[in-house]
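See structure below.
The values are calculated or read from the model by the stated rules, or taken from the named source; none is laboratory data. Please read these numbers as outputs of a predicted model, since none were measured by experiment. Here the Cβ positions follow ideal geometry from the backbone for every residue, glycine too, while neighbour counts run over all protein chains shown.
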Amino acid sequence: MCGIVGAVAERNVVEILLEGLKRLEYRGYDSAGVALLDNDGGINRLRRTGKVQELVDAVAQHGAPGTTGIAHTRWATHGGVTESNAHPHTSSERIAVVHNGIIENYIDLREKLSAAGYQFTSDTDTETIAHTVHAELEKGADLLKAVQNSVAQFHGAYGTVIMDREDPSKVVVARSGSPLVIGLGLGENFIASDQMALLPVTRRFIFLEEGDVAQVTRREVLIFDKNGEPVEREIVDSKVEHDAGDKAGYRHYMLKEIHEQPTVVRNTLKDRLDEHGLMTNIFGDQAVEILAKVKHVQIIACGTSYHAGMTARYWLEQYANVSCGIEIASEFRYRKSVVHENSLLVTISQSGETADTLAALRLAKDLGYMSSLTICNVPGSSLVRESDMAFMTKAGAEIGVASTKAFTTQLTAFLMLTLAIGEHNGLTSDDKAQIVRGLHSLPAKLEETLTISEGIEDLAEEFADKNHSLFLGRGDQYPIAMEGALKLKEISYIHAEAYASGELKHGPLALIDDEMPVIVVAPNNELLEKLKSNVEEVRARGGIMYVFADKDANFKGDETMRVINVPHCEPAIAPIIYTLPLQLLSYYVALIKGTDVDQPRNLAKSVTVE
């Protein structure tokens, strides 16, 4: 969601800025722009709607040299997808600004600035930043002071980079609620909303903290905290790899990432699991002491990560014998909640920058939780830095907007957390042995599951003219059904809903007809017979069933029920295994529908606004 790249150097930086934008395309956006300070003392700005390639082509046609510059990919919040609303925004041909986040009091600021004579050329909240900074400059402040005075007037979230035509040797950046990182070079420095954008030019980063304002020149970075006091921030040598450049022969990143799941799950397990169970301190140096005290787990997440947390609730209560709550971060933030004694807060996020989840963590610190743990895929992200403990899923860069491998590695992490907490809360030896066996077998079982993709591709043809669908699951497969429905919605634009199958008779049966595909996940577990009864309820009303079933579950296919056999597995890992067929189904349906699989409309990868 929205990407920022900036640079101050001796060389022409336009190619650095454009490459950075390309590396941030996975985040989701609808327009792109670049602004550079040229040798004649002007601002050379180009903006385009659509893909970054449209901007690249415009730069190639018109040229955009400059040693100081900023660039942006926009995901529309205020104002439609138009070139005039694309970033960067300017004020009086002097100030240029890029911005992630939302200025909540922009209407009041806009009225005040309009009364002072400033003319607005966009519908965005961001343009108020440019004019506010310019107004402060007109009062005699330098750029740094002008930005510090300006951010004191803003309410909301922002990661912003500002440059001044009359002071081309520097840019000033400010962060509140939306991430920014400074990349350190030799005689040049860089800024981005994600370190991924800067990996071609540096591996040394400073992650700005809440309220920081920084002045960045070619040779110096000065950082000031929210009180305006100078501070030092840690320099981090990043080991993050950006593997997005090659689809490895796959048609889409999403399909590549689906097929990477056996490998990335191996990475998640590596050096964390032996033949007896978990290795020591995999959740952090203080984890053993903290987890031994846990009697309640509160999970906070959004979207796909929320479904991982819902699955974890079943595991934690069934195996680890601790109570567990799961809540959507945007709801948790705005209601009064009761904190259980010895309660562990667990946040989940692929990016580690999800705005609602990060705000919930900060709120929880004031509510009295015993400790906090984040399960995350991005080292150095805000959730990782601000949590007491962090577990890195090691999924690698996930480029497809619809999450696949990030989800299965989150589930794997939660199953290990279940073991770690259960050791202190009566986890039975049989359950421990089953989970450990399941985790050891998981990568191979995932590989085996991927071999059924051809049958799923054939099945997808039957969805070509469908507009609605139902997904059903019981127990810990209910969240997996929810995740399957979400995937179908995200990339094929087919309306899909998920239900715990026992709820069919409480309303959803009214929807059943031969135009409503019903997708069922059916592992061979203690709820299988109950699930079969629910399947018969659908068939009796003329529904068409698509059942992903354990090969030993004895489902018999006919003209009203297509059965795809899934490899048998340990019960504890079944939710992870059954995720893959639903991902493949959504992918192949999207192919038939002709949608943009990797960058579906209206969606963003990293959701850094409320």
I need the helices (runs of 4 or more DSSP H) fully contained in the stretch 361-469, keeping only those with at least 2 residues that are of a type in the set (D, E, K, R) and either surrounded by fewer than 21 Cβ atoms within 10 Å (Cβ to Cβ) or in contact (Cβ under 8 Å) with a residue 24 or more places away in the chain (or both). 382-386, 429-450, 453-460
Quick one: which residue in Ser441, Ser387, Ser403, Ser429 is over 14 Å from the mean Cα position of the chain (by Cα), among the polar types (S, T, N, Q) and under 30 Å from Arg175 (Cα atoms)? Ser387
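Quick one: is Ala500 within 12 Å of Tyr478 (Cα to Cα) and buried (at least 17 other Cβ atoms within 10 Å of the Cβ)?
Values: within 12 Å of Tyr478 (Cα to Cα): yes; buried (at least 17 other Cβ atoms within 10 Å of the Cβ): yes.
It is true that Ala500 is within 12 Å of Tyr478 (Cα to Cα) and buried (at least 17 other Cβ atoms within 10 Å of the Cβ).
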Considering only the stretch 203-248, how many residues are closer than 25 Å to Gly28 by Cβ and part of a loop (DSSP other than H, G, I, E, B)? 12
Out of the strands (runs of 3 or more DSSP E) lying entirely within the stretch 16-76, which hold 2 or more residues that are touching a residue at least 12 places away in the same chain (Cβ under 8 Å) and in contact with a Lys or Arg (Cβ under 8 Å, 6 or more places away or on another chain)? 31-37, 68-74
Check the stretch 67-75 and report whether any residue there is out of contact with any strand residue (DSSP E or B) (no Cβ under 8 Å at 6 or more places or on another chain) and either surrounded by 21 or more Cβ atoms within 10 Å (Cβ to Cβ) or at pLDDT below 95 (or both). yes
Restricting attention to the stretch 139-169, the residues that are in contact with a strand residue (DSSP E or B) (Cβ under 6 Å, 6 or more places away or on another chain) and more than 18 Å from Val34 (Cβ to Cβ) number exactly 10
Condition check: hydrophobic (A, V, I, L, M, F, W, C) and within 23 Å of Ser403 (Cα to Cα). Does Leu358 satisfy that? yes
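Quick grid of which residues meet (1) of a type outside the set (S, T, N, Q); (2) in contact with a helix residue (DSSP H, G or I) (Cβ under 8 Å, 6 or more places away or on another chain); (3) surrounded by 24 or more Cβ atoms within 10 Å (Cβ to Cβ); (4) farther than 27 Å from Ile282 by Cβ:
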residue: Ile162; (1), (2), (3), (4): yes, yes, yes, yes
residue: Asp167; (1), (2), (3), (4): yes, yes, no, yes
residue: Ile191; (1), (2), (3), (4): yes, no, yes, yes
residue: Asp194; (1), (2), (3), (4): yes, yes, yes, no
residue: Thr202; (1), (2), (3), (4): no, no, no, yes
residue: Glu210; (1), (2), (3), (4): yes, no, no, yes
residue: Val221; (1), (2), (3), (4): yes, no, no, yes
residue: His252; (1), (2), (3), (4): yes, yes, no, yes
residue: Glu260; (1), (2), (3), (4): yes, yes, no, no
Which of the residues belonging to the stretch 1-52 are under 21 Å from the mean Cα position of the chain (by Cα), within 14 Å of Ala71 (Cβ to Cβ) and among the aliphatic types (A, V, I, L, M)? Ile4, Val5, Leu21, Leu24, Ala32, Val52
Taking the stretch 4-15 and the residues there that are outside any strand (DSSP E or B) and in contact (Cβ under 8 Å) with a residue 24 or more places away in the chain, the one that is surrounded by the fewest Cβ atoms within 10 Å (Cβ to Cβ) would be Glu10
For Ile326, indicate whether it is among the β-branched types (Val, Ile, Thr), surrounded by 19 or more Cβ atoms within 10 Å (Cβ to Cβ) and without any contact (Cβ under 8 Å) to a residue 40 or more places away in the chain. yes
For the stretch 83-159, which fully contained helices (runs of 4 or more DSSP H) count at least 1 residues that are exposed (fewer than 15 other Cβ atoms within 10 Å of the Cβ)? 106-115, 127-138
Lys487 vs. criteria assigned to a helix (DSSP H, G or I), buried (at least 17 other Cβ atoms within 10 Å of the Cβ) and out of contact with any helix residue (DSSP H, G or I) (no Cβ under 9 Å at 6 or more places or on another chain): no
Only residues that are more than 14 Å from His72 (Cβ to Cβ) and surrounded by fewer than 22 Cβ atoms within 10 Å (Cβ to Cβ): list them for the stretch 20-42, please. Asp38, Asn39, Asp40, Gly41, Gly42
Pick from the stretch 459-487, criterion among the acidic types (Asp, Glu) and modelled with pLDDT under 90, ranking: nearest to Tyr588 (Cα to Cα): Glu461
Where Gln434 falls short, out of the listed (1) out of contact with any Asp or Glu (no Cβ under 6 Å at 6 or more places or on another chain); (2) over 30 Å from Ala360 (Cα atoms): (1)
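Conditions (1) closer than 16 Å to Val172 by Cα; (2) of a type in the set (Ser, Thr, Tyr), marked per residue:
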position	(1), (2)
Ala76	no, no
Thr82	no, yes
Pro88	yes, no
Ile102	no, no
Leu109	no, no
Thr121	no, yes
Glu127	no, no
His134	yes, no
Considering Gly438, Gly368, Gly380, which residue is of a type outside the set (Lys, Arg) and not assigned by the TED database to the domain that holds Lys256? Gly438
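Somewhere in the stretch 105-126, is a residue assigned by the TED database to the domain that holds Asn12 and closer than 16 Å to Gly69 by Cα?
no
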